[in-house]
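Some notes on the structure that comes next.
What follows draws every value from the coordinates through simple rules; no lab data is involved. Source: prediction; values computed, not measured. Cβ sites come from the backbone with ideal geometry, for glycine too, and all protein chains shown count toward neighbours.
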């Protein structure tokens, strides 16, 4: 999990503001497998981040060519579901439900069997919690 936090700190730098929360699941961003989404919140003191709180939760479905995760016949990452390198889940004090919905519902890639999440309301509720 420390790799996920380190990746976001390096990627966002000063663009990460107090009160913002970031989520990611991409393997290059310290993710394990796509349904395990990491949510990271910096804790500030005197205007500077002093440490980060992170949690990782497993989601039953985040899209892809079949429900669940890591189908044995997938050939490309997008076939396994939404791959999120970095997304500000809370920005300017607001939960970014519209952006989150776009991430989980858009179809990406050349395989027509790729779908968005089949449980959008569950994904939104879990991440809101």
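Taking the longest Cα principal axis of the chain as reference, the axis of helix 2-12 is set at about 70 degrees. Of 77, 89, 34, the residue with the greatest mean-square motion in the GNM of the chain, using alpha carbon springs below 10 Å, is 77.
How far is it, in nm, from the label point at residue 95 to the one at residue 77 when both lie 7 Å from their Cα along the line to the Cβ? Taking the two extended label points, one gets 2.8 nm. If R0 is taken as 35 Å, the Cβ-Cβ distance between residue 111 and residue 6 corresponds to a FRET efficiency of 0.60. Applying 1/(1 + (r/R0)^6) with R0 = 35 Å to the Cβ-Cβ distance of residue 50 and residue 28 gives a FRET efficiency near 0.85. The distance separating the Cα centre of region 90-118 from that of region 3-60 comes to 18 Å. Over the residues of the chain, the helix contribution to mean residue ellipticity at 222 nm works out to -6500 deg cm²/dmol, using -39500 (n - 2.57) for each DSSP H run of at least 4.
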